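Report on one structure; see the data block that follows.
The values are calculated or read from the model by the stated rules, or taken from the named source; none is laboratory data. These figures come from a predicted structure and were not determined experimentally. FYI the Cβ positions are ideal-geometry reconstructions off the backbone, even for glycines, and counts take in every protein chain you see.
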Amino acid sequence: MPYYEHVFITRPEIAPQQVENLVDEIKTIIKDNGGKAVYTEYWGLRDLAYKIKKSERGHYSLLRIDSPSVAIQELERIQKLNEDVLRFLTTKTEDLSQETSPVMKASVKKEGSYSSNKGA
């Protein structure tokens, strides 16, 4: 089966728990269509590069998926209808990495440098 990375942005007004529920719904959709979500990350509430539907911030989430293309088509169809989802992007990848994403590595680095300077 092909491998995919799926990133989506949700409205800032919803709670992180609701984002987690959306991720669970996505996992169910993928599973029902013969695939599996192998890895998930929640990147947090971040600033957007430009306003989307009057929002300047959004909750970012990443899923790495091993599934047939039919499952991805169904996932994207459902996300288009969901009013809480501002944007999404699905990319086909060569392999299915279990590593943390560069976004998470950068935020950990930034937090680490901040905490080391905090005491000085």
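All conditions but one from (1) among the polar types (S, T, N, Q); (2) at pLDDT below 90; (3) in contact with a helix residue (DSSP H, G or I) (Cβ under 7 Å, 6 or more places away or on another chain) apply to THR10; the one that does not is (2). Every listed requirement among (1) in a helix (DSSP H, G or I); (2) touching a strand residue (DSSP E or B) at 6+ places or on another chain (Cβ under 9 Å) is met by VAL70 save one, (2). Total residues in the range 74-89 satisfying the condition of being loosely packed, with under 12 Cβ neighbours inside 10 Å and more than 13 Å from the chain's Cα centre (by Cα): the figure is 4.
Only residues that are polar (S, T, N, Q) and without any contact (Cβ under 8 Å) to a residue 12 or more places away in the chain were counted across the range 1-55, and they come to 3. Looking at SER69, is it of a type in the set (S, T, N, Q) and either within 22 Å of VAL103 (Cβ to Cβ) or in contact with a His (Cβ under 9 Å, 6 or more places away or on another chain) (or both)? It is false that SER69 is of a type in the set (S, T, N, Q) and either within 22 Å of VAL103 (Cβ to Cβ) or in contact with a His (Cβ under 9 Å, 6 or more places away or on another chain) (or both). If you filter the range 110-120 down to residues that are surrounded by 10 or more Cβ atoms within 10 Å (Cβ to Cβ) and of a type in the set (D, E, K, R), you find that the one that is modelled with the highest pLDDT is LYS110.
Note on the range 40-56: among residues that are within 21 Å of ARG77 (Cα to Cα) and surrounded by 13 or more Cβ atoms within 10 Å (Cβ to Cβ), the one that is farthest from the chain's Cα centre (by Cα) is ILE52.
In the range 90-109, is there at least one residue being modelled with pLDDT of 90 or more, surrounded by 14 or more Cβ atoms within 10 Å (Cβ to Cβ) and not in a helix (DSSP H, G or I)?
The answer is yes; a qualifying residue exists.
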